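Some notes on the structure that comes next.
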Amino acid sequence: MTDRISAREAIALITDSFAELPYPKGEFGPDGPLSWQGYDDARACAAARTGEEESVVCGTATFGTASFGTTIDGRPPLGPVTAVLVAFEFGFLGGSLGERTGDRLEVAYEHARTHRLPVVSLVATGGSRMQEGMLALTQLQRVARQSALTREAGLAQIAVLRDPTTGGGWATLGAGADVTLALPGAQVAFAGSRVRPPDADPAAYTAEAQVAAGSVDALVPRDGLRETLALWLDLLTQPSAGAAPVPPALGATDPPATGWDAVQRARAPERPRADAYLDAYFTRRVAIGGDRSGGTDDGVLCGFGRAHDGRTIAFAAQRGTPTRPAGYRTAARLVRLAGRLGIPVLTLVDTPGAANDADAERLGAGAAIADLFAAVATARTPVTTLVIGEGGSGGALALAAPGNTWATPDSYFSVIAPESAAAILKRPPDEVRATADQLRLRPQDLVELGVIRGITERPGG
């Protein structure tokens with residue numbers, strides 16, 4: 001469990017300014033809609049203890065330049081970003097959701113759409129309020145609808161999971177956000193601590209476990225929240241119409257002489273990898289992590305960054321390993337999110353192919369690849385692709401933009417690896433090199449075939 005602070009303390013911790021929204025007036029009869037004996041007294045005690053009249057505080061807040069000093073990434077700051085902020089007060093009946101909570105949340109989301117503002121939720125809740133029965137539980141449907149409408153409007157939603165985040169608050173505002181961050185050590189789970197099996201492993205109900213399961217993007221210490229949220233909001237609120245520029249090559253400058261030369265170059269351990277390309281391309285970047293379906297893949301980097309021209313570019317980059325189903329699903333999630341927010345996408349292809357072990361098949365490799373093909377094919381914003389190493393079969397092609405794919409001189413792109421092609425054709429090992437030539441997988445071959453647009457050069461080349 002983390003040290004708990006109040007909603008107002010959390011707001012002051014991360015914002016430059018905050019103005020509370022007016023709330024709709026709604027009154028219950030004695031002891032609420034179910035006439036639950038003692039409910040009025042419990043609310044009165046909660047109000048006296050916290051100074052709040054409900055379990056959530058909603059308003060507009062500014063985030064930004066104070067978090068970065070005088071400049072952001074060495075450039076003049078854009079000025080503070082305004083967002084709608086929702087902060088749960090766990091001290092008020094465990095941060096539970098009731099009808100009046102739903103009223104406040106609906107007002108907050110409607111204000112966000114009316115004024116074209118992103119939404120930041122600081123979640124700390126034990127779930128739905130028992131004293132209001134099913135009327136409380138149905139607030140989850142109400143919140144889910146407001147979140148969906150806000151998503152359709154192209155507005156970003158960021159959730160910060162405080163301690164605890166359980167029940168419907170986790171299953172709507174938390175897990176349903178575009179980007180989900182969590183405080184280290186926070187209790188995060190659908191099942192609250194008092195309703196779990198007695199022999200349940202407590203480690204499975206933590207923020208750390210949710211990161212490992214691909215349901216939370218990152219852990220952020222409390223003292224890093226202000227800067228982290230300011231950066232995320234700065235990046236996600238800067239749409240751009242133009243395609244991402246193609247990165248220059250960082251490795252070899254001359255095209256390979258043969259197909260086997262191309263394969264050897266792409267497999268060379270000293271050849272620049274995705275991390276080097278991303279470091280050169282962006283001044284700052286943040287990552288999303290996980291496919292929201294129980295998996296992660298460290299072999300695929302996805303996120304958003306500030307390019308040197310000041311624009312936000314989304315990225316999905318393979319790191320030279322066989323790509324697992326979670327990697328494809330995370331990349332598809334990235335492409336769709338970027339499309340909703342109006343942000344162009346850069347993809348870096350570098351994989352010998354899709355992971356083909358039994359676990360990958362059990363986890364739906366084919367379906368995951370199909371989903372990424374569909375996401376790229378229907379992307380709402382331009383996708384730019386650079387092949388920076390191995391381009392192995394459909395596992396690589398799924399990340400490539402039709403009509404806007406480029407390659408570096410130390411890369412190849414092939415229907416299949418030459419070794420596998422030779423094996424399928426029942427050729428002896430000494431014919432692998434000749435098979436590589438027959439496959440016409442060199443960058444210059446790909447240009448001639450019309451598969452890629454061109455070969456990138458080093459800066460100034």
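The values are calculated or read from the model by the stated rules, or taken from the named source; none is laboratory data. Since the model is a prediction, treat every value here as computed from it, not as a measurement. As a convention, Cβ positions derive from the backbone with ideal geometry for all residues, glycine included, and neighbour counts pool all protein chains shown. The accessibility values were calculated without ligands, DNA or RNA, using every heavy atom of the protein model including side chains. Shrake-Rupley method; radii C 1.70, N 1.55, O 1.52, S 1.80 Å.
Some observations on this one:
- Hits in the range 18-32 (condition: under 39 Å from the mean Cα position of the chain (by Cα) and surrounded by 15 or more Cβ atoms within 10 Å (Cβ to Cβ)): 18, 21, 23
- Among residues of the range 381-399, those that are open to solvent by 10 Å² or more (accessible area, probe 1.4 Å) and small (Gly, Ala, Ser), counted: 2
- Any hit, the range 352-361, residues being closer than 30 Å to residue 147 by Cα and of a type in the set (A, V, I, L, M, F, W, C): no
- Residue within the range 264-279 that is farther than 30 Å from residue 447 by Cα and touching a residue at least 40 places away in the same chain (Cβ under 8 Å) present: no
- Taken over the range 238-272, the criterion of being touching a Lys or Arg at 6+ places or on another chain (Cβ under 9 Å) and among the polar types (S, T, N, Q) is satisfied by 238, 240, 253, 258.
- Condition check for residue 164: under 23 Å from residue 102 (Cα atoms) and either without any contact (Cβ under 8 Å) to a residue 12 or more places away in the chain or touching a strand residue (DSSP E or B) at 6+ places or on another chain (Cβ under 9 Å) (or both): yes
- Residue count, the range 80-93 (criterion: open to solvent by 20 Å² or more (accessible area, probe 1.4 Å) and over 15 Å from residue 158 (Cβ atoms)): 4
- Residue-level check: of (1) open to solvent by 30 Å² or more (accessible area, probe 1.4 Å); (2) within 14 Å of the chain's Cα centre (by Cα); (3) farther than 25 Å from residue 5 by Cβ, residue 204 misses just (2).
- Subset of the range 125-146 (residues that are touching a strand residue (DSSP E or B) at 6+ places or on another chain (Cβ under 7 Å) and outside any helix (DSSP H, G or I)): 125, 126, 127, 128, 129
- Residue tally, condition surrounded by fewer than 16 Cβ atoms within 10 Å (Cβ to Cβ), under 17 Å from the mean Cα position of the chain (by Cα) and more than 19 Å from residue 97 (Cα to Cα), over the range 136-151: 0
- In the range 157-201, the residues that are in a helix (DSSP H, G or I) and open to solvent by 30 Å² or more (accessible area, probe 1.4 Å): 171
- If the condition is being among the hydrophobic types (A, V, I, L, M, F, W, C), part of a helix (DSSP H, G or I) and either touching a Pro at 6+ places or on another chain (Cβ under 7 Å) or touching a residue at least 40 places away in the same chain (Cβ under 8 Å) (or both), then the range 317-366 contributes 326, 331, 332, 334, 335, 337, 338, 341, 360, 365.
- When 154, 133 are checked against the criterion of being open to solvent by 10 Å² or more (accessible area, probe 1.4 Å), under 19 Å from the mean Cα position of the chain (by Cα) and in contact (Cβ under 8 Å) with a residue 60 or more places away in the chain, 154 stands alone in meeting it.
- Yes/no for residue 122 being assigned to a helix (DSSP H, G or I) and under 24 Å from the mean Cα position of the chain (by Cα): no
Conditions tested, residue by residue: (1) open to solvent by 10 Å² or more (accessible area, probe 1.4 Å); (2) touching a strand residue (DSSP E or B) at 6+ places or on another chain (Cβ under 6 Å).
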{"residue": "242", "(1), (2)": "yes, no"}
{"residue": "245", "(1), (2)": "yes, no"}
{"residue": "274", "(1), (2)": "no, yes"}
{"residue": "284", "(1), (2)": "yes, yes"}
{"residue": "292", "(1), (2)": "yes, no"}
{"residue": "313", "(1), (2)": "no, yes"}
{"residue": "331", "(1), (2)": "no, yes"}
